Amino acid sequence: MSSYLSFSSVQSNFSFFFGVEQSQQEDLSDFTTSAGSLQTEAHGLPEDGRQRESLKKIESPERICSTSAREIAEACSVCQLERAMKIADSLGTDSFSDTRDAVPWLDKLPCRVERVHRVLEACMPPSSPEWKRFDLESVEGGCFWRCWDARTGNLKTIISWVAPGSLEKVIAYYRDAAEAEPLWQGECWGMRCQHADGISFQRWLQKEYFTARTTEVLVERCLCDCLDHSRPCWVLLERSPDVPNLSDFAGTCGNFEISPCPGGAYRTVMEESGRVLEPLTPDTVRTTMALSVHVPGLMRWALTDSLLHWGFEKGTKSSTKSWMHIIDNWDSSGYPRRIQDSKDFYEPVHDRISSLWKSSLIR
């Protein structure tokens, strides 16, 4: 099953169906920054049943003496990473140390902001002649571009689609995906979600679309508010936990425990990736993501445009049906309660989005 707003499964389905290995989704790693260590803590989850969110809160801004440090903490708490980075860049060494006390993961901020910029660039509609566009009939506003990289042999694709649901709902789905488990009707199960250090760490099991085998997905998700850009949007960053031999790993990672992969299941390993969430109307969002896979020379001849188009049509058709079920049953799901319980996060997000529409920056 390829869950609608989690194209990690689409990536793995794509690889298994066409017999290729997934390459890094564009190149979002190895960033050079100037502010502290960029080693990312990985987070696992306990296995003792589904849990409500366990928050490791940023220290209350009211308790921070420095005005700048307080502004950074406030910006980080609502995913305004670029604003936080801009303020941090203007601080002296002493103030920067004070801010680290308020935002323990501040050393990871430069890397995350750089990844956001790389995702925004990678998801721009291509204009060079080596890219070819295909429309997707299975989803509103759906299309994808493909380009063969002659030097590396990689197949580079950009896929974009429009779906009903407000930006606020899309953000909630990505941030608190476990609330959607009952709505997947058994297609995704064992979903867990916790928050720490600016990351939403999530785990679930699903059936691969083409192979029908059970796959365990472990993913770190980080959201960034980019509504002040000329193309107002949010950016979602995704990656597997950065631990050695993740496919077989079990143990402590950061603040959590990763349990062994269940028997008979395969743990997928995701490269760093991301997508752009662009509100078109108060009730529709365009999602765009870039994907690159390495295609062995012996397989490239078989991967025709027709076969590629068919594969994307099948995946998006199934995914759209699942997403519509979530939207149609949103009010009776756990999301309204989750949004209320996490109002310190969702109220500022709601106000930002409402202000955007009122200012008519999006028409």
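Where a number appears in this text, it was derived from the coordinates with a stated rule and is not lab data. Note that this is a predicted model, so its numbers are computed, not measured. Don't worry about glycine lacking a Cβ; one is built from the backbone with ideal geometry, like all the others, and counts go over all protein chains shown.
Note on the range 289-363 and the range 145-220: Cα centroid distance 8 Å, given to the nearest whole angstrom.
Across the alpha-carbon set of the range 220-363, the Rg to Rh ratio works out to 1.02, Rh being the Kirkwood radius. Stretched out straight at 0.36 nm per residue, the stretch from SER355 to GLU140 would grow longer than its current Cα-Cα span by 74.7 nm. In plain terms, the chain from LEU280 to ALA250 could stretch by 6.6 nm, reckoned as 0.36 nm per residue minus the Cα-Cα distance. Using 0.36 nm per residue and subtracting the Cα-Cα separation, the extra length available between SER90 and ASP149 on full extension is 17.2 nm. Computed from Cα atoms alone, the Kirkwood hydrodynamic radius reported for the range 78-190 is 18.3 Å. Across the range 154-159, coupling constants 3J(HN,Hα) worked out from phi with the 6.51/-1.76/1.60 Karplus curve, θ = phi - 60°, read 6, 9, 9, 9, 10, 10 Hz, and Gly and Pro carry x.
Here each label is just a point 7 Å from Cα along the line to Cβ, and for HIS229 and MET124 those points are 1.0 nm apart.
Applying 1/(1 + (r/R0)^6) with r as the Cβ-Cβ distance of TRP131 and TRP189 and R0 = 41 angstrom yields a FRET efficiency of 0.60. Return the Rg/Rh value of the range 267-342, two decimal places, where both radii are evaluated on C-alpha atoms and Rh is the Kirkwood radius. With Rg and the Kirkwood Rh in hand, the quotient comes to 1.08. Near MET270, once Lys and Arg are set to +1 and Asp and Glu to -1 for all other residues with Cβ below 10 Å from its Cβ, the sum equals -3.
Quick one: if you take sqrt(5λ) for each eigenvalue of the C-alpha gyration tensor of the range 146-190, what semi-axes come out, biggest first, whole angstrom?
For the range 146-190, the semi-axes come out at 32, 16, 10 Å.
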